[in-house]
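Asker: Can you read through this structure? Questions will come right after.
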Amino acid sequence: MYKLSEILEVKKKINNDLCKNLSYQSLPFSDLYILDNQLDRLDLEHIQDINKHFHPGLIRSVSVAYINEKYIVWEGQHTAIVCYMNGIDPIPCIIYTCEDLEFTKLDTIEKLDTKQLQHIISTL
């Protein structure tokens, strides 16, 4: 087993001001909010599927935006619910303090569907 810090000389080379607004916290389930459009997309079958294969060692942090003194889950609402169902409260969260959710519209690999990912891989 190796410590990452011992095999790589990792130094902070970029001073990214965006990262100053990022933190990790465990938040009470009762403090988490979702938006109207997320409520419309809440999928009970997906919650059941996550719960069926649930293992606490594989939990991914819930992505939360802190806006106007509210913790808004913008990714991971199903995970947060399953954590709560399994007695995990507070919920592990990555929190980004901001004024709006515009940053969630940025293209990232996580937003690609299976066909898009297959196309990318096939062109490598």
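The values are calculated or read from the model by the stated rules, or taken from the named source; none is laboratory data. Not measured: the values here are computed from a predicted model. With ideal geometry, Cβ positions are generated from the backbone for all residues, glycine too; neighbour counts draw on all protein chains shown.
Asker: So how many residues does the range 63-104 have that are crowded, with 19+ Cβ neighbours inside 10 Å, touching a residue at least 40 places away in the same chain (Cβ under 8 Å) and assigned to a helix (DSSP H, G or I)?
Answerer: Of the residues in that region, 3 qualify.
Asker: What about Ser63, is it closer than 16 Å to Leu101 by Cα and at pLDDT 90 or above?
Answerer: Details: closer than 16 Å to Leu101 by Cα: yes; at pLDDT 90 or above: yes.
Judged against the criteria, Ser63 is a match.
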